[in-house]
1. Kindly check whether there is at least one residue in the range 106-114 that is touching a helix residue (DSSP H, G or I) at 6+ places or on another chain (Cβ under 8 Å) and farther than 24 Å from residue 18 by Cβ.
2. Can you name every residue in the range 51-90 that is more than 16 Å from the chain's Cα centre (by Cα), at pLDDT 85 or above and of a type outside the set (A, V, I, L, M, F, W, C)?
3. Can you tell me which residue among 171, 207 is among the acidic types (Asp, Glu) and not in a helix (DSSP H, G or I)?
4. Quick check, is residue 160 assigned to a helix (DSSP H, G or I), among the basic types (Lys, Arg) and either free of Cβ contacts under 8 Å to residues at least 60 places away in the same chain or surrounded by fewer than 20 Cβ atoms within 10 Å (Cβ to Cβ) (or both)?
5. From the residues in the range 172-194 that are charged (D, E, K, R) and surrounded by fewer than 19 Cβ atoms within 10 Å (Cβ to Cβ), which one is modelled with the lowest pLDDT?
6. Residue under question is residue 133, and the condition is that it be outside any strand (DSSP E or B), free of Cβ contacts under 8 Å to residues at least 12 places away in the same chain and at positive phi; does it hold?
7. Out of the residues in the range 148-174 that are out of contact with any Gly (no Cβ under 8 Å at 6 or more places or on another chain) and β-branched (Val, Ile, Thr), state the one that is farthest from residue 192 (Cα to Cα).
8. Report whether or not residue 197 is at pLDDT below 95 and either open to solvent by less than 30 Å² (accessible area, probe 1.4 Å) or in contact with a Leu (Cβ under 9 Å, 6 or more places away or on another chain) (or both).
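The values are calculated or read from the model by the stated rules, or taken from the named source; none is laboratory data. Because the structure is a prediction, the values reported are computed rather than measured. Don't worry about glycine lacking a Cβ; one is built from the backbone with ideal geometry, like all the others, and counts go over all protein chains shown. Note: accessible area is taken over every heavy atom of the protein model, side chains too, but ligands, DNA and RNA are not part of it. Shrake-Rupley method; radii C 1.70, N 1.55, O 1.52, S 1.80 Å.
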Amino acid sequence: MEISPSLSLLFEVPQSEVRTRLDELVSTQADIHFDQMERLGDAASVLIFNGLTFDCDFNPESALKPERRKVFSTLGDDAICSALAISLHSHIEHGLVVPEIAKAFLNFGAVCARNLQASAVVWQPTGLQTDTGYFLEVVQSYVDGGVFPVLPIVDFIAEKPGYLRSKGLADFCGQEFELQSGQLDQQELIRRAIRLAHDLATNGSIDDSQEIADLDPANLIHLEPSDDGMLLHCRITSKSEQIVPLC
């Protein structure tokens, strides 16, 4: 699990232009200002937004890691001229497990993406690249009380039919999950995975065995945390207590 998850903004203009845009943003936004005690020059800056502190690093080496996957984005590597990585400051590096801090972090990332005119956004822990417009839309919805922006942040690994495992959710709740069903196709599993990811990211990890309602009223989802609590096993069961086959 990443200790300090970061959001990278990708640009089709040089770093000098992005730097100018950042300076303009700070000069015009009353709720954003440089931390003068930790200003690091042209390569990086520390900014304060609504009382929280964020590290901003220009042209981070990890921004263009080859394993990243594009979701709702067509921006190619050849068009990228610079990048800006935004992370929680070290004194709150584990803060994403607090929903209010997670929401503030994503909101700050969205503010920067919009005002700095980023061409795409990458969530570094999972390597997911999304179009800036889509990222702004789902984060604004979350800030306004909507669903956690799952798709630009949490990846779902399909190792076999009828199975999904989350990647990147632990940064927000300390727990990943695996979801299994032999009767649902991958699209139906993803619908349920998005719901589970939202619930865990906003309400925290599951510590005890329990059952929750499934999207299909005839079924339930049985939740069983692992012994160390880091993985949540999720199986779909019928209300008649017959477990849906897992293979």
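1. Scanning the range 106-114, I find no residue that is touching a helix residue (DSSP H, G or I) at 6+ places or on another chain (Cβ under 8 Å) and farther than 24 Å from residue 18 by Cβ, so the answer is no.
2. Scanning the range 51-90 gives 51, 53, 55, 57, 74, 76, 77, 78, 82, 89, 90.
3. The unique qualifying residue is 207.
4. no
5. 185
6. The answer is no for residue 133.
7. Out of the qualifying residues, it is 157.
8. Values: at pLDDT below 95: no; either open to solvent by less than 30 Å² (accessible area, probe 1.4 Å) or in contact with a Leu (Cβ under 9 Å, 6 or more places away or on another chain) (or both): yes.
Judged against the criteria, residue 197 is not a match.
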